[in-house]
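Undergrad: Structure incoming, see below.
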Amino acid sequence: MTSHDLRATNLTLGYASTDIVSDLDVTIPDGRITVIVGANACGKSTLLRGLARLLRPRGGEVLLDGTSVQDMRSIDVAKVLGLLPQTPVAPDGITVGDLVGRGRYPHQGWFRRWSAEDDRAVAAALEATGTADLVDRQIAELSGGQRQRVWVAMALAQDTDLLLLDEPTTYLDINHQVELLDLLTDLNRASAKTVVIVLHDLNLACRYADHIIAMKQGAIVAEGSPREVVTAAVVTDVFGLACEVVPDPVSGTPMVVPRGRHHAAREVVEALA
């Protein structure tokens, strides 16, 4: 994989008359897995859309290798940066094979037709996501979890150096969530692919991220390694959640244990007994 510099400076993004992200600076670590976390409506998906050139900035800019993405052709951005949005929509009647094949469009051109390389990329993406047996099925016939894995396959088939995924574990059971995050980690370690993921599960974020960005009300409140970012104080500030942060017994990374109103500390229970 080729190294790339993806960053935003003084970035402001929004919809209608409302700014969601304001005057934000961020640099995505090259060749690492970055996970963006935060409460609902904090600006995570908006930031990802801005980085992927799907949302035009109201202020500031997004730079890819020093060039504003707004000044680049869509196809040139797509050759470097792949995106799985939060709620992708498939054309009516399209099959799994056809949808995943659309991930190869940035590699086509006036004089380049479908090739054996495209076949290999699609087959590898289907195999990696466990969707090869669905290739002739229509998207509308699939379960939510199957559809999500097919969309991930399309993003993988695009074969870009940077991959942005907005809540890719949505609709997936816990087994497929772990399989997908393991797959993204394999890709990162094998080829230094830069991966940026929006996740809601803090414990999975801590297990798989090299770098975590924590957002609140359109701003970055903390970023760094999981151990630097995921503390009880930051979780309480960002999510309003009283919790304990302890070592994950499997990975040793931070693990968030919510307190909740119905689970008093053991010493309190014993004192009341």
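Undergrad: Give me the log10 of I(q) over I(0) for the chain at q = 0.13 Å⁻¹, as the Debye formula computes it from C-alpha points; what are the numbers?
TA: Here the Debye-derived log intensity ratios amount to -0.90.
Undergrad: Quick one: dipole size for the range 167-244, taken about the Cα centre, charges +1 on Lys/Arg Cβ and -1 on Asp/Glu Cβ, in debye to the nearest 20.
TA: Values: 5 positive and 11 negative charges, 39 e Å.
Taking the Cα centre of the range 167-244 as origin, the dipole is about 180 debye.
Undergrad: Mind checking the dipole of the range 150-194: about its Cα centre, +1 per Lys or Arg Cβ, -1 per Asp or Glu Cβ, Debye to the nearest 20?
TA: Using Cβ point charges on Lys, Arg, Asp and Glu, the range 150-194 gives about 120 debye.
Undergrad: Mind checking the per residue accessible area of the chain for me, 1.4 Å probe, whole number of Å²?
TA: Each residue of the chain exposes 50 Å² on average to a 1.4 Å probe.
Undergrad: Could you look at the chain and say what percent of its accessible area is carbon and sulfur, using a 1.4 Å probe and all protein chains?
TA: 51
Undergrad: Rounding to the nearest 20 debye, state how big the charge dipole of the chain is about its Cα centre with +1 on each Lys and Arg Cβ and -1 on each Asp and Glu Cβ.
TA: 420
Undergrad: If you don't mind, another one. In a GNM of the chain with a 10 Å cut-off on Cα contacts, which of CYS42, CYS243, CYS206 has the highest mean-square fluctuation?
TA: Most flexible of the set in this elastic network: CYS243.
Undergrad: Toward the positive end of the charge dipole of the chain, about the Cα centre and with charges on Cβ (Lys, Arg +1; Asp, Glu -1), which of GLY43, THR170, THR194 goes farthest?
TA: It is GLY43, whose Cα lies furthest towards the positive end.
The values are calculated or read from the model by the stated rules, or taken from the named source; none is laboratory data. No experiment lies behind these values; they were computed from the predicted model shown. Cβ sites come from the backbone with ideal geometry, for glycine too, and all protein chains shown count toward neighbours. Side chains are part of the model used for accessible areas, which takes the heavy atoms of the whole protein and leaves out ligands, DNA and RNA. Shrake-Rupley method; radii C 1.70, N 1.55, O 1.52, S 1.80 Å.
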